[in-house]
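Okay, structure first, notes after.
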Amino acid sequence: MSDTAALYPPPTALAAKAHVSGRAAYDRLVAEADADPEGYWGRLAREYVGWKTPFTRVLDDSRAPFFEWFNDGTLNASWNCLERNIERGLGAKTALIFEADDGAVTHVSYRQLLVRANRIANALRALGVKKGDRVVIYMAMSIDGVAAMQACARIGAIHSVVFGGFSAHALRDRIADTGACLVITADQQVRGGKQLPLKAIVDEALAQGGCASVRHVVVARRTGAAVPFQAPRDLWLNELVDGQSEHCEPEWVEAEHPLFLLYTSGSTGTPKGVQHATGGYLLHAALTCHWTFDMKADDIFWCTADIGWVTGHTYIAYGPLMLGATQIVFEGVPTYPDAGRFWKMIEAHRATIFYTAPTAIRSLIKAAEANEAVHPARYDLASLRILGSVGEPINPAAWTWYHQHVGGGRCPIVDTFWQTETGGHMITPLPGATDLVPGSCTLPFPGIAAAVVDETGNELPWGQGGILVVKRPWPSMIRTIWGNPERFRKGYFPEEFQGRYYLAGDGAIRDAKTGYFTITGRIDDVLNVSGHRMGTMEIESALVAKTDLVAEAAVVGRPDDTTGEAICAFVVLKRPRPTGEEAKALANELRNWVAKEIGPIAKPKDIRFGDNLPKTRSGKIMRRLLRSIAKGEAITQDTSTLENPAILEQLAQTN
Ligand code: WTA
């Protein structure tokens, strides 16, 4: 970001009515939080969350870094999202506008969502599911997907949603790690006009073993296709809920009771089950919807994320419902039946706030440039007032296009930086308060003590790039890694910082003049492909699991115009290095193998075969050299420690 970078001030009319109105209001909130963090979070937790038993303690840091928030209060997440709104008179208000892949639209009121969630909750209770039990949800975007999450929360069961694009193997690992007693799925899912399996993949996952904890598989009907069915293990959702009462007393849980586990990738090891607590998480979900999206009673909010990711948790399943908002839930993909789908839906539903990922924007720019008919200019997008971006850095060119062509130059873009672990927005503009600079996520959300430090934890002056940390605990932070508290402590509160700071895993730099943050990317071996987080190790493990073929593999990321980063794998086979057609065929075989092991999102874009990998004399793979090769750069780094320098040329040539 240069000094001359364009600043976009908040539109005057929007700022005047915004929940946080003007920079001075933002500064006041920051000052309040800095002066008395507990007083600040306590005030907001009373304002934004409904409690069964009010808390008297805000922060309990006696077991730091296992921080606890509001821990003598009790509440229920689903009551907060449903009854609380109905008691405010919103029972008939539309909670969800569900649009199916084929365009069919269903409106679901708060009252109807409560009834559906209650019936599912009663059915789960009848099957013996109780507080603290884990339930895996493997479903596509659907009304029942949201209702199932609410149903779990209602009875105090801990849900773990697994993205419907993950393979049987990845699903199995997650089921096994949670020790779930039940899996909720659907017969099939529909995306882009295609029917894709769900139930069959659950069967395959369970057949792989290690899932003895699963007593039942509950199956929603989506397409009506014939699917294998194993009584008495498998049960149809509709048959289960039909006889159930529409009333269901919520299970009042302690604020620290886990609301959900969500698996995400780290730089090493298997995906980790990020555990979130009920009270603190709900506070931040509601608060960020109110301030970052400035959500109001008449807004139509649309977050395009999937409920399989954290964005779909906080900004579909919980946050908007906490505020009694109306939101769009979309089953399909942005390019079906054509790449104008998003714009068409914004026009049709009069969406006012639109939240999507840079990858989607970049691919829709390409599509619009290739085909005028799907350009946003062809649609009436006048209803929009705020745009959002999430999941990866948004490059200034995409930002400017989004601002101009989707937002008509009048809608602020909130570039929200956060992570699965943080529960909600950490660094983000507030639309009525923050001047925007394309490519910068601007300033910390009030109360979030973000900072840029060096390797020893010393805060760096503005203008110097370093490591992004958070210096104070906050209510929606990760509580632990399921079943692995040591990994949580070491990974997020490392000893280099004396265990004082939360380590985000990203690098950042603050602008020398404004102090605005720009995220410079992961500092670990985590890749971000189309906004999906993946560990290089995970993909390497998948490749070497093909034991008949692969001897060794190293995976790195390289920049990609559309997906942000692309996966590049360097592979040594247990046979002579293939070339030409044979190399192509083997690369394809390996791609499909990775799709089967993890899911299609983890397929390497490039696979290069070598006789060896560049290694130091002590046998360490030199990834920085592989990164240069993957980018097509000339190697300028010092290669004197390399055992086998000739390999670089070979890898650079093969493709
Ligand atoms: C990246 C997604 C730049 C970052 C909510 C982070 C971003 C990781 C942004 C978390 C942004 C997310 N600008 N980078 N606005 N938002 N990231 O857990 O590297 O899937 O650590 O959570 O995405 O990905 P996760």
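Please find, within region 517-545, the residue that is surrounded by the fewest Cβ atoms within 10 Å (Cβ to Cβ) out of those that are at pLDDT 90 or above, of a type in the set (D, E, K, R) and over 18 Å from W418 (Cβ atoms).
Ranking the qualifying residues of region 517-545, first place goes to E540.
For region 528-555, give me each residue that is away from the ligand (no atom under 16 Å from the Cβ) and assigned to a strand (DSSP E or B).
Within region 528-555, V550, A551, E552, A553, A554, V555 meet the criteria.
Would you point out the residue of region 507-516, among those that are of a type outside the set (S, T, N, Q) and surrounded by fewer than 20 Cβ atoms within 10 Å (Cβ to Cβ), that is nearest to the ligand (Cβ to nearest atom)? Break it down stepwise before answering.
First pass over region 507-516, keeping only residues of a type outside the set (S, T, N, Q): 507-513, 515-516.
Filter once more, so that each one left must be surrounded by fewer than 20 Cβ atoms within 10 Å (Cβ to Cβ): 507, 511-513, 515.
On the way: G507: 9, D511: 15, A512: 20, K513: 20, G515: 17 Å.
Residue satisfying both the conditions and the ranking: G507.
Return yes or no: is R385 touching an Asp or Glu at 6+ places or on another chain (Cβ under 9 Å), away from the ligand (no atom under 13 Å from the Cβ) and under 23 Å from T12 (Cβ atoms)?
It is true that R385 is touching an Asp or Glu at 6+ places or on another chain (Cβ under 9 Å), away from the ligand (no atom under 13 Å from the Cβ) and under 23 Å from T12 (Cβ atoms).
Restricting to region 23-55, and then to whatever is small (G, A, S) and not in a loop (DSSP other than H, G, I, E, B), can you tell me which residue is nearest to S476 (Cα to Cα)?
Among those residues, the one meeting the criterion is A45.
How many residues does region 302-347 contain that are in contact with a helix residue (DSSP H, G or I) (Cβ under 6 Å, 6 or more places away or on another chain) and of a type in the set (F, W, Y)?
The total comes to 2.
When you go through A583, A587, A569 one by one, which is the residue that is among the small types (G, A, S), closer than 20 Å to Q650 by Cβ and in a strand (DSSP E or B)? Can you show your working first?
On the way: A583 fails: in a strand (DSSP E or B); A587 fails: in a strand (DSSP E or B).
It is A569.
Specify which of the listed residues (T428, T400, T416, T420) is in contact with a helix residue (DSSP H, G or I) (Cβ under 7 Å, 6 or more places away or on another chain) and of a type in the set (S, T, Y).
Testing whether each residue is in contact with a helix residue (DSSP H, G or I) (Cβ under 7 Å, 6 or more places away or on another chain) and of a type in the set (S, T, Y) leaves just T420.
Looking at region 476-488, can you tell me whether even one residue there is within 16 Å of the ligand (Cβ to nearest atom), surrounded by 19 or more Cβ atoms within 10 Å (Cβ to Cβ), assigned to a helix (DSSP H, G or I) and of a type outside the set (G, A, S)?
The answer is yes; a qualifying residue exists.
State yes or no: is A433 closer than 26 Å to A25 by Cβ, at pLDDT 95 or above and buried (at least 19 other Cβ atoms within 10 Å of the Cβ)?
yes
The values are calculated or read from the model by the stated rules, or taken from the named source; none is laboratory data. For clarity, every value in this text was computed on a predicted model and none was experimentally measured. Every residue, glycine as well, gets a Cβ built from its backbone with ideal geometry; the counts of neighbours run over all protein chains shown.
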